[in-house]
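Before any comments, here is the structure.
Computed from the coordinates by the stated procedures, all read-outs in this text should not be read as laboratory data. Owing to the predicted nature of the structure, the values given are computational and were not obtained by experimental measurement. Cβ atoms come from the backbone with ideal geometry, glycine included; neighbour counts cover every protein chain shown.
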Amino acid sequence: MARPGARLAYVLLVATLVVLIVWRPGFALETAQFVILGMIHVTPLVIPGILLAAWITASGAGDHVAAVFHGRTVQTVIGATLVGALLPVCGVTVLPLMAGLLAARVPLAPVMAFWLASPITGPAMLSATLATLGWEFAIGKAVAAIGLGLFGGGMTALVASRDWAMSPLRSNGIVGSLGEQCGPCGEDTPGFDPYIWHDPARCARFVRESWAITRLILLVLTPAFAAEYLLNVWLEPNAVAAYVGQDSAFAIPLAVIVGGPAYIDGYAALPLTRALLEHGMSTGAAMAFLVSGGIVSVWGAMAIFPVLKLKPFLLYLGLAAVGSMVSGWAFGVAY
């Protein structure tokens, strides 16, 4: 049975759809098509994260992972940052894995490091940036990803003992029962067993956890993709360039604050950034725009907000914003 939070989310989604259909049927259809296509596009990227997160819980690996990550803050933050910078994932497609790790009681610091570093770059993104904006931007983004991950993980470690940092996931119907023991599945499944298909209780827990994470993804991505479409339709790129030009002392902070909503997709942002540079955007502001967009864009933040409690969510946004501005200023000086 759905929890009150889940029921409220369902009601809001249905009410929004009804309003759009009544207000502008054609626009509602276009928005729905965009959402469906967006879901299809990210499905191959999200499924591995869902399956891995569910396996971690069902096999009992979460306790082992959490034990490895406890007491080794420096090493785990560095490792999570490097892995996050190398894996070809974005902030939304890594969401199921991050939610699963947090549900398995992995400390927030390495998770935050991974979460901040992963959307900025990766092998394919590095190549695309090189081809679109040149080697300076490609290397700059890679360095920024590593720097932001280390900075975010280190700062999060300073508040690791706070209650909200030790239990960062929301307790609502959207997050569901991630990581809980599966009483209805039969007997408990203590210990670690990677071969979950040999144990009916572990198999049942794997299915239950997979559905919980899938439901979470559907609930947070549907409005996020809708917001992405609305921003893509209504926002004019030139409106951003006017505030982030070479002559503006506030170009880099504004690139983070104003540019975030204009950031639609990691690859789509590259030609958009090139156009903004041609319209007078400063190089530092362009880097801040690229770095911040993947982690503090409106649609990305909408997907994360229902998952994290308010304080961890604000910490995530604050670290992303500060790290993005520092990256922009550093790149502007170096470039």
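Highest first, please rank the peptides 113-120, 208-215 by the mean number of other Cβ atoms sitting within 10 Å of their residues.
Ranking the peptides 113-120, 208-215 by packing returns 113-120, 208-215.
Using 7 Å Cα-to-Cβ label points, what is the Val83/Glu30 separation (nm, one decimal)?
4.2 nm
What's the extension gain from Val322 to Val74 if we count 0.36 nm per residue and subtract their Cα-Cα distance?
So the extension gain works out to 87.2 nm.
Take each of the peptides 25-36, 195-206, 99-110, average the number of other beta-carbon atoms within 10 Å over its residues, and list them starting from the highest. Kindly include the intermediate steps, with their values, before the conclusion.
Values: 25-36: 14.4, 195-206: 16.3, 99-110: 24.5.
The densest-packed peptide leads the list: 99-110, 195-206, 25-36.
May I ask you to compute the full-extension gain from Val159 to His198, defined as 0.36 nm times their residue separation minus their alpha-carbon distance, rounded to one decimal in nm?
On the way: separation 39, 0.36 × 39 = 14.04 nm, distance 4.05 nm.
Gain in length upon complete extension: 10.0 nm.
In nanometres, what is the gap between the two model label sites at Glu278 and Met166, each 7 Å from Cα along Cα-to-Cβ?
Placing both labels 7 Å along Cα→Cβ, they lie 5.5 nm apart.
Note the full-extension length gain between Val233 and Phe250 as 0.36 nm times their separation in residues minus their Cα-Cα distance, in nm to one decimal.
3.5 nm
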